[in-house]
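The values are calculated or read from the model by the stated rules, or taken from the named source; none is laboratory data. Just so it is clear, the structure is predicted and the values come from calculations on it, not from any experiment. In this analysis, Cβ positions are derived from the backbone assuming ideal geometry, glycine residues included, and neighbour counts consider all displayed protein chains.
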Amino acid sequence: MRDVIEFPSPADQWAAIEFESEGWKKNRLDEVLELAGRVGTSALLILHRGRIAAEGYWNDVAAGLDTEGRERFARFNLAPDRSGRPVEDVGAVQNCMTATLLAIARDRGIIDFNHPVQEHLGPGWSSASLDQEREIAIWHLMSMTSGLDDQLRFVAPAGVEWLYNPSAYQQLIRVLTRSSGLDPDAMLRDWLGDRIGMASTRWVARDWSGSGTFIGLASTARDLGRFALLIQNRGRWENEVVVSADALDELLNPSQTMNPAYGLLWWLNGREAFVMPASQARVTGPLLPAAPQDAVLGFDTLNRQLAISWEQELSLVRLGAGIAEPAEAFDTIWTHLLAALPD
């Protein structure tokens with residue numbers, strides 16, 4: 001039995017699991033793909049130790065959506081890559097990649113998570129008073145405890161309340177570009193994309209957005225799969241350290257007690273409770289009860305998902321449109337997936 005990750009080649013050649021010799025239950029993986037296709041999925045990629053266990057693509061994603069849902073998905077659905085695979089603005093899944101870029105910047109001594117945002121963006125980057133703003137560190141934006149609302153107005157002192165805030169989060173992209181002297185795409189390519197072979201991943205302007213979420217991350221399931229393998233291998237791509245394990249550990253552990261299921265721009269499964277991003281309701285129990293309890297995740301309102309489990313040596317990427325009952329559907333997907341593993 002293999003016990004190491006098999007990385008895909010720069011030419012996009014991936015190894016696959018061997019169903020019969022390794023004892024996989026192919027019928028359960030077929031059930032995963034069948035369910036994914038019924039719930040608005042455009043791409044599903046499941047990796048085990050870097051090898052493809054299941055991969056599926058669907059073209060009729062918008063067929064089951066109402067007019068509003070179709071229009072919303074159309075804003076995120078971009079032109080396919082050269083192989084015809086879907087490329088999407090992956091919504092809040094971008095947070096995980098931004099967190100990793102911030103960790104790389106810290107590794108290089110470019111930023112300090114504990115330093116005020118004002119040091120990089122100057123005074124007046126928010127609508128808070130200068131004294132209130134001065135107390136907001138990079139870490140507060142990463143942990144969603146900035147104390148700002150979606151108009152960047154003062155609501156509470158930094159570090160006191162957990163409030164999911166994409167508008168405040170996106171100031172971190174400005175922090176990265178100002179501190180590095182690189183534009184977003186050059187930074188993404190030089191620090192991460194070219195090093196792990198993400199050929200189709202880039203930043204895209206959200207001209208349609210009337211909120212503070214001005215930039216999206218376009219990617220594919222396979223590119224996100226590469227990123228997942230980097231995280232699963234604790235920041236190393238084959239023999240190269242891309243981001244330090246110590247920096248990743250800080251991202252992938254609870255950042256505060258108000259929402260124990262949130263690290264630094266990453267969601268954490270297996271915690272005693274979590275806070276819903278939109279309603280701010282606190283829910284007892286893990287995010288995804290059927291998923292591995294050690295899983296770390298990125299997800300968004302259209303139910304795109306990136307998940308990594310070290311215990312099961314699995315990575316999962318899901319792109320597509322929103323569905324009516326995402327928690328139930330994803331629990332079923334994870335139930336079938338874990339049942340497919342060799343005994």
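List the number of the failed condition for L287; all other conditions in (1) buried (at least 17 other Cβ atoms within 10 Å of the Cβ); (2) more than 20 Å from Y169 (Cα to Cα); (3) modelled with pLDDT of 95 or more; (4) not acidic (D, E) hold.
So the condition that L287 fails would be (3).
For residues in region 291-304 being modelled with pLDDT under 95 and either out of contact with any strand residue (DSSP E or B) (no Cβ under 8 Å at 6 or more places or on another chain) or at positive phi (or both), which is surrounded by the fewest Cβ atoms within 10 Å (Cβ to Cβ)?
T301
Test of understanding: among D300, D249, which residue is under 21 Å from Y169 (Cα atoms) and free of Cβ contacts under 8 Å to residues at least 12 places away in the same chain?
On inspection, the qualifying residue turns out to be D249.
Out of D207, D194, report the one residue that is over 17 Å from the mean Cα position of the chain (by Cα), surrounded by fewer than 18 Cβ atoms within 10 Å (Cβ to Cβ) and at pLDDT below 95.
Working: D194 fails: at pLDDT below 95.
Every option except D207 fails the conditions.
What pairs come up if the first residue lies in region 139-154 and is at positive phi, the second is charged (D, E, K, R), and their beta carbons are under 8 Å apart, counting only those six or more places apart or on different chains?
From region 139-154, the pairs are G147/E161.
Output yes when any residue across region 313-326 is surrounded by fewer than 20 Cβ atoms within 10 Å (Cβ to Cβ), farther than 27 Å from L163 by Cβ and in contact with a strand residue (DSSP E or B) (Cβ under 8 Å, 6 or more places away or on another chain), and no when none is.
So far as region 313-326 goes, yes, one or more of its residues are surrounded by fewer than 20 Cβ atoms within 10 Å (Cβ to Cβ), farther than 27 Å from L163 by Cβ and in contact with a strand residue (DSSP E or B) (Cβ under 8 Å, 6 or more places away or on another chain).
Kindly establish whether N114 is part of a helix (DSSP H, G or I), polar (S, T, N, Q) and touching a Phe, Trp or Tyr at 6+ places or on another chain (Cβ under 7 Å). Full working, then the answer.
Details: part of a helix (DSSP H, G or I): no; polar (S, T, N, Q): yes; touching a Phe, Trp or Tyr at 6+ places or on another chain (Cβ under 7 Å): yes.
So N114 does not fit the description; no.
Within region 210-225, can you find the residues that are surrounded by 21 or more Cβ atoms within 10 Å (Cβ to Cβ) and in a loop (DSSP other than H, G, I, E, B)?
T220
Could you please find all residues in region 29-50 being over 12 Å from A228 (Cα atoms), out of contact with any helix residue (DSSP H, G or I) (no Cβ under 6 Å at 6 or more places or on another chain) and outside any helix (DSSP H, G or I)?
Across region 29-50, the qualifying residue is only T41.
What are the residues in region 280-304 that are assigned to a strand (DSSP E or B) and of a type outside the set (K, R), if any?
Those that are assigned to a strand (DSSP E or B) and of a type outside the set (K, R): V283, T284, V296, L297, G298, F299.
Only one of these is on the phi < 0 side of the Ramachandran plot and free of Cβ contacts under 8 Å to residues at least 40 places away in the same chain: E20, E55. Name it.
Sole residue among the options that is on the phi < 0 side of the Ramachandran plot and free of Cβ contacts under 8 Å to residues at least 40 places away in the same chain: E20.
Of the residues A228, A307, which is within 18 Å of V90 (Cα to Cα), in contact with a strand residue (DSSP E or B) (Cβ under 7 Å, 6 or more places away or on another chain), hydrophobic (A, V, I, L, M, F, W, C) and part of a helix (DSSP H, G or I)?
A228
Looking at L287, L265 in this structure, which one is within 28 Å of V160 (Cα to Cα), of a type in the set (A, V, I, L, M, F, W, C) and touching a residue at least 40 places away in the same chain (Cβ under 8 Å)?
The unique qualifying residue is L265.
Which of the residues that make up region 136-169 are over 18 Å from I110 (Cα atoms) and either in contact with a Phe, Trp or Tyr (Cβ under 6 Å, 6 or more places away or on another chain) or assigned to a strand (DSSP E or B) (or both)?
Those that are over 18 Å from I110 (Cα atoms) and either in contact with a Phe, Trp or Tyr (Cβ under 6 Å, 6 or more places away or on another chain) or assigned to a strand (DSSP E or B) (or both): M144, T145, L148, F154.
Taking region 310-343 as the region of interest, how many residues are small (G, A, S) and free of Cβ contacts under 8 Å to residues at least 60 places away in the same chain?
Initial filter on region 310-343 (small (G, A, S)): 315, 320-322, 324, 327, 329, 339-340.
Pick out the ones that are also free of Cβ contacts under 8 Å to residues at least 60 places away in the same chain and you get 324, 327.
Residues in region 310-343 being small (G, A, S) and free of Cβ contacts under 8 Å to residues at least 60 places away in the same chain: 2 in total.
Can you pull out the residues in region 172-185 that are more than 13 Å from I111 (Cβ to Cβ) and within 20 Å of the chain's Cα centre (by Cα)?
P184, D185
Restricting to region 58-72, give me the number of residues that are at pLDDT 90 or above and either farther than 28 Å from F7 by Cα or surrounded by fewer than 17 Cβ atoms within 10 Å (Cβ to Cβ) (or both).
Counting residues in region 58-72 that are at pLDDT 90 or above and either farther than 28 Å from F7 by Cα or surrounded by fewer than 17 Cβ atoms within 10 Å (Cβ to Cβ) (or both) gives 1.
With modelled with pLDDT of 95 or more, within 15 Å of the chain's Cα centre (by Cα) and either of a type outside the set (F, W, Y) or part of a loop (DSSP other than H, G, I, E, B) (or both) as the only criterion, which of R234, R318 stands out? Write out each step before concluding.
Working: R234 fails: within 15 Å of the chain's Cα centre (by Cα).
Going through R234, R318 in turn, just one is modelled with pLDDT of 95 or more, within 15 Å of the chain's Cα centre (by Cα) and either of a type outside the set (F, W, Y) or part of a loop (DSSP other than H, G, I, E, B) (or both): R318.
I'd like to know if region 74-90 contains one or more residues that are among the acidic types (D, E), without any contact (Cβ under 8 Å) to a residue 12 or more places away in the chain and either in contact with a helix residue (DSSP H, G or I) (Cβ under 6 Å, 6 or more places away or on another chain) or not in a loop (DSSP other than H, G, I, E, B) (or both). Give the derivation first.
Looking only at region 74-90, we keep the residues that are among the acidic types (D, E), and these are 81, 88-89.
Those left that are additionally without any contact (Cβ under 8 Å) to a residue 12 or more places away in the chain: none.
Looking through region 74-90, none of the residues is among the acidic types (D, E), without any contact (Cβ under 8 Å) to a residue 12 or more places away in the chain and either in contact with a helix residue (DSSP H, G or I) (Cβ under 6 Å, 6 or more places away or on another chain) or not in a loop (DSSP other than H, G, I, E, B) (or both).
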